[in-house]
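Trainee: There's a structure below that I have some questions on.
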Amino acid sequence: MKKYFIFLAIFLLVCLSLIFFAKSFYPAVDGAGRFKVELDLEQLDEHGLRGALDGKVSVSYEFCIPNTVECKARVKAIDETVQFMPGSRGRIGAGTDQCLCVGSTHQKNYRAVLYSLAELSCVGRIIVCDFE
């Protein structure tokens, strides 16, 4: 019986360690936030690149925000790759009072960046930017 409890204790410690590691690797996102990121993140490696080993490429993404200095500053503080394109609609369909934003997954902690952007109330959706 004592061996059973030792085994159970070790098993529980391992499970708790895995849960802690998973939570620290993937930042928490509110219930709606995780659905805002409409990119297939499973295709990307740890550097934010996808494709064959001899031809990996980054993925560009786009979203729109209100065209205000405050919103742009909040986004730029999170995503250093973001480029603002006011007046452009993009595939996302930015309105006349909105600013199209384009970023890249080829950056440190790209998942955390995407999830942090998704947590902003001024960001509705984040989609792949194909530059069509």
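The values are calculated or read from the model by the stated rules, or taken from the named source; none is laboratory data. None of these values were measured; they are calculated from a predicted model. Heads up, the Cβs are rebuilt from the backbone with ideal geometry, glycines too, and the neighbour counts pull from every protein chain shown.
Trainee: Looking at segment 80-110 only, could you name the residues that are among the basic types (K, R) and either within 21 Å of E70 (Cα to Cα) or buried (at least 18 other Cβ atoms within 10 Å of the Cβ) (or both)?
Mentor: The first filter runs over segment 80-110 and keeps only residues among the basic types (K, R), leaving 89, 91, 108.
The answer is R89, and nothing else.
Trainee: Just to check your reading of the model, which residue among A73, A77 is out of contact with any strand residue (DSSP E or B) (no Cβ under 9 Å at 6 or more places or on another chain), closer than 14 Å to V113 by Cα, in a helix (DSSP H, G or I) and at pLDDT 90 or above? So that I can check it myself, show each step before the final result.
Mentor: Details: A73 fails: closer than 14 Å to V113 by Cα.
Residue meeting the stated conditions: A77.
Trainee: Among the residues that make up segment 74-84, is at least one of them without any contact (Cβ under 8 Å) to a residue 12 or more places away in the chain, under 12 Å from the mean Cα position of the chain (by Cα) and closer than 24 Å to F35 by Cβ?
Mentor: no
Trainee: Kindly check whether there is at least one residue in segment 116-126 that is closer than 27 Å to E46 by Cα, part of a strand (DSSP E or B), in contact (Cβ under 8 Å) with a residue 12 or more places away in the chain and in contact with a Leu (Cβ under 7 Å, 6 or more places away or on another chain).
Mentor: Yes, because at least one residue in segment 116-126 is closer than 27 Å to E46 by Cα, part of a strand (DSSP E or B), in contact (Cβ under 8 Å) with a residue 12 or more places away in the chain and in contact with a Leu (Cβ under 7 Å, 6 or more places away or on another chain).
Trainee: Still on this structure, I have one more. Assuming N67 fulfils every condition listed in (1) modelled with pLDDT under 90; (2) touching a Pro at 6+ places or on another chain (Cβ under 6 Å); (3) of a type outside the set (F, W, Y) apart from one, which condition is it?
Mentor: It is condition (1) that N67 fails.
Trainee: Tell me whether segment 18-29 contains one or more residues that are outside any loop (DSSP other than H, G, I, E, B) and either touching a Gly at 6+ places or on another chain (Cβ under 8 Å) or modelled with pLDDT of 55 or more (or both). Steps first, please.
Mentor: Let us first name the residues in segment 18-29 that are outside any loop (DSSP other than H, G, I, E, B), namely 18-25.
Narrowing the set further to residues that are either touching a Gly at 6+ places or on another chain (Cβ under 8 Å) or modelled with pLDDT of 55 or more (or both) leaves none.
Within segment 18-29, not a single residue is outside any loop (DSSP other than H, G, I, E, B) and either touching a Gly at 6+ places or on another chain (Cβ under 8 Å) or modelled with pLDDT of 55 or more (or both).
Trainee: Taking segment 33-59, which residues are farther than 20 Å from V123 by Cβ, assigned to a loop (DSSP other than H, G, I, E, B) and in contact (Cβ under 8 Å) with a residue 40 or more places away in the chain?
Mentor: The one that is farther than 20 Å from V123 by Cβ, assigned to a loop (DSSP other than H, G, I, E, B) and in contact (Cβ under 8 Å) with a residue 40 or more places away in the chain: H47.
Trainee: Here is a follow-up. Any idea how many residues of segment 41-65 are surrounded by 14 or more Cβ atoms within 10 Å (Cβ to Cβ), farther than 18 Å from E80 by Cβ and under 13 Å from the mean Cα position of the chain (by Cα)? So that I can check it myself, show each step before the final result.
Mentor: Filtering segment 41-65 down to residues surrounded by 14 or more Cβ atoms within 10 Å (Cβ to Cβ) leaves 41, 44, 48-50, 56, 58-65.
If we keep only those that are farther than 18 Å from E80 by Cβ as well, we get 41, 50, 56, 64.
Those still in the list that are under 13 Å from the mean Cα position of the chain (by Cα) too: 41.
Result for segment 41-65: 1.
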